[in-house]
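Undergrad: Dropping a structure here in structure tokens format, bear with me for questions.
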Amino acid sequence: MIIDPLYLLLFLGTMALSLFASWRVKGAYARYSQVPASSGMSGAQIAQRILDLNGIHDVTIHSTHGLLSDHYDPTNKRLVLCEENYHGTNVAALGVAAHECGHAIQHQQLYAPLQWRMAAVGITTVVGSIIPFVGMGLLYIAPKIAIPVLALCFGVVMLFQLVTLPVEFDATARAKRILAHTGAVAPGAETAAMSKVLDAAALTYVAAFISALGTFLYYVMHMLGGQRNDD
């Protein structure tokens, strides 16, 4: 089997970007989770306070295993924090908790990009299950059919990642404003440390979008090249 050098370059490049983004966020978290918040509040406490201040009383807060597995579940209205951030009283834990609260506030306010992402989850999940089948089987049996299908699939994934960017950036911006307003994180060194954690985390979403965009363009290029060859 001959591997396309362009695809190999794309694969290695996007993998390197993803690894770099992961390294950045883990490094920032490891460093700034050692910086205690002068307020003494835990991630769970600041999350509850933020929800209360915004009149959100139907979202429950839970802890889970797995470092940085924090997320907001809009379907079940659950705000899930890893144990380190649920109990942690450092600026990293408070920043992550506030970020997830940002998603809960988006949900309450019917923030359009979040609504779009929620609506796209189902189709993106289906597409994600199709890609391995097409890539591993149909691509070698009927490439003229497989390449347009893959272009379409990765186009859907790319659009999902694109919509995710404003959702995550907005939640981060909300987190920074909320923590400044509540005084949970003191101005100066504490705020700067918290911001570095959240900014590093945002890079992972940028990396995911670039990866999806690059793969989408790769298959579009091959699809258009194939059409020209047929002409």
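The values are calculated or read from the model by the stated rules, or taken from the named source; none is laboratory data. Since this is a predicted model, take the numbers as computed values, not measurements. These accessible areas exclude ligands, DNA and RNA; they are computed on the full protein's heavy atoms, side chains included. Shrake-Rupley method; radii C 1.70, N 1.55, O 1.52, S 1.80 Å.
Undergrad: How would Glu190, Glu83 rank on accessible area, largest to smallest, probe 1.4 Å? Each step should come with its number before you reach the end.
TA: Numbers: Glu190 30, Glu83 75 Å².
Sorted descending by solvent-accessible area, the residues read Glu83, Glu190.
Undergrad: In the full protein assembly as shown, how much of Ser211 is accessible to a 1.4 Å probe, in Å² to the nearest 10?
TA: 30
Undergrad: For the full complex of protein chains and a 1.4 angstrom probe, list Leu53, Leu17 by accessible area with the highest value first.
TA: Working: Leu53 105, Leu17 50 Å².
Result of the area sort, largest leading: Leu53, Leu17.
Undergrad: Right, next: Select from the chain the helices, each a whole stretch of DSSP H, whose alpha-carbon atoms run 18 Å or more along the helix axis and whose Kyte-Doolittle mean is at least -0.5; answer none if there are none.
TA: Values: long enough: 5-32 (40 Å, 0.82); 91-108 (25 Å, 0.41); 112-133 (33 Å, 1.13); 143-182 (57 Å, 1.08); 189-230 (62 Å, 0.61).
Length and hydropathy pass: 5-32, 91-108, 112-133, 143-182, 189-230.
Undergrad: Next question. How large, in percent, is the carbon and sulfur part of the accessible surface of region 1-117 at a probe radius of 1.4 Å?
TA: Details: 3730 of 6250 Å².
The C+S portion of the solvent-accessible surface of region 1-117 is 60 percent.
Undergrad: Another question, then. Find the accessible area per residue for the chain; the probe is 1.4 Å, ligands and nucleic acids are left out, and the unit is Å². Present the calculation step by step, with values, prior to reporting the outcome.
TA: Numbers: 12050 Å² over 231 residues.
Value returned for the chain: 52 Å² of accessible area per residue.
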